[in-house]
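What follows is a single structure, written as structure tokens, with notes after it.
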Amino acid sequence: MAEGIHLAAEGVVFRYPHAERLAIDGVSFAVEPGERLAIVGPNGAGKSTLLQLLDGLEFPTAGEIRIGNTRVTPSALRQIRGRVGLVFQSPDDQLFCPTVADDLRFGPQQFGWPRAEVEAAVEEIAAQFELTDLLPQSPLQLSQGERQRVALATTLILRPEILLLDEPTASLDPRRRRRLIELLGGLEQTLIVATHDLDLALDLCPRCVILSGGRVIAEGESARLLIDRALLEGSDLELPLRLQGRG
């Protein structure tokens, strides 16, 4: 892998068992350390599948994915999971413990952190994401925005180098959406954000990959690609709301 590349997908192909068509069809791109990349596309474009491949929840049918010089394979999963964190689109897919505090402790405990280190990390991340008062509560009692923050915190507590986010603003109202963008903008991790929220992509990610039908349609500067009406319409997308005079 070229020096300075944090993550790379090279000719990645993936087909779900018994599916007639490929979910991911020859996708290639690379991300440098600290970069923020948006993967944009309509529903069904393959965005969520691609994130799952990057995190090792699925493995390519062909091609390969590397984190640094480590290939994402079943035998390397523990090493990969120590470097890459995935935040699912729905917090309900990620939160399953009786309390918020237990959900935050879960990941560090699985990696064998000492108890004192776990508790210190829980206290620190809870303060960072304004969750301290919610620690004794059940995630089921929280609002959608609160659960979204908890899900993000359960991933970041493990201090991943690369953070993958699947539709992070889905179901958030405008105020909570803006707060989440502010939180993400303050992170030091390499970010890969899968979204059809093109305003989010413009706000957060200088570079984007446009995905349609499992294929890369275009790659480049977000400020250039996401104002190209013909390109977007050809990929079943619309101009960002701010460029339509509605946002």
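Quick note: the coordinates plus some simple rules give every number you see, no bench work behind them. A quick note: this is a predicted structure, and the numbers were derived from the prediction, not measured. Using ideal geometry, Cβ is built from the backbone for each residue, glycine included, and neighbour counts are taken over all protein chains shown.
Collect the residues in the stretch 94-130 that are touching a Leu at 6+ places or on another chain (Cβ under 8 Å) and not in a helix (DSSP H, G or I), keeping them in residue-number order.
Thr99, Phe111, Phe129
Specify the residue that is nearest to Gly41 (Cα to Cα); the eligible residues are those in the stretch 217-236 that are under 20 Å from the mean Cα position of the chain (by Cα) and crowded, with 20+ Cβ neighbours inside 10 Å.
Filtering first and then ranking leaves Leu226.
Taking the condition touching a helix residue (DSSP H, G or I) at 6+ places or on another chain (Cβ under 7 Å), surrounded by fewer than 22 Cβ atoms within 10 Å (Cβ to Cβ), more than 29 Å from Leu239 (Cβ to Cβ) and charged (D, E, K, R), does Glu64 pass?
So Glu64 fails the test.
Take the residues of the stretch 26-53 that are part of a strand (DSSP E or B) and among the small types (Gly, Ala, Ser): which is surrounded by the most Cβ atoms within 10 Å (Cβ to Cβ)?
Checked the stretch 26-53; the qualifying residue surrounded by the most Cβ atoms within 10 Å (Cβ to Cβ) is Ala38.
Would you kindly identify the strands (runs of 3 or more DSSP E) lying entirely within the stretch 148-247 that contain at least 2 residues that are under 30 Å from Phe106 (Cα atoms)?
Output list reads 162-166, 190-195.
Any chance you could count how many residues in the stretch 171-189 are more than 12 Å from the chain's Cα centre (by Cα) and either over 26 Å from Ile67 (Cβ atoms) or surrounded by 19 or more Cβ atoms within 10 Å (Cβ to Cβ) (or both)?
Residues meeting the conditions: 11.
Answer yes if at least one residue in the stretch 82-93 is under 22 Å from Leu152 (Cβ atoms) and among the polar types (S, T, N, Q), and no otherwise.
Within the stretch 82-93, one or more residues are under 22 Å from Leu152 (Cβ atoms) and among the polar types (S, T, N, Q).
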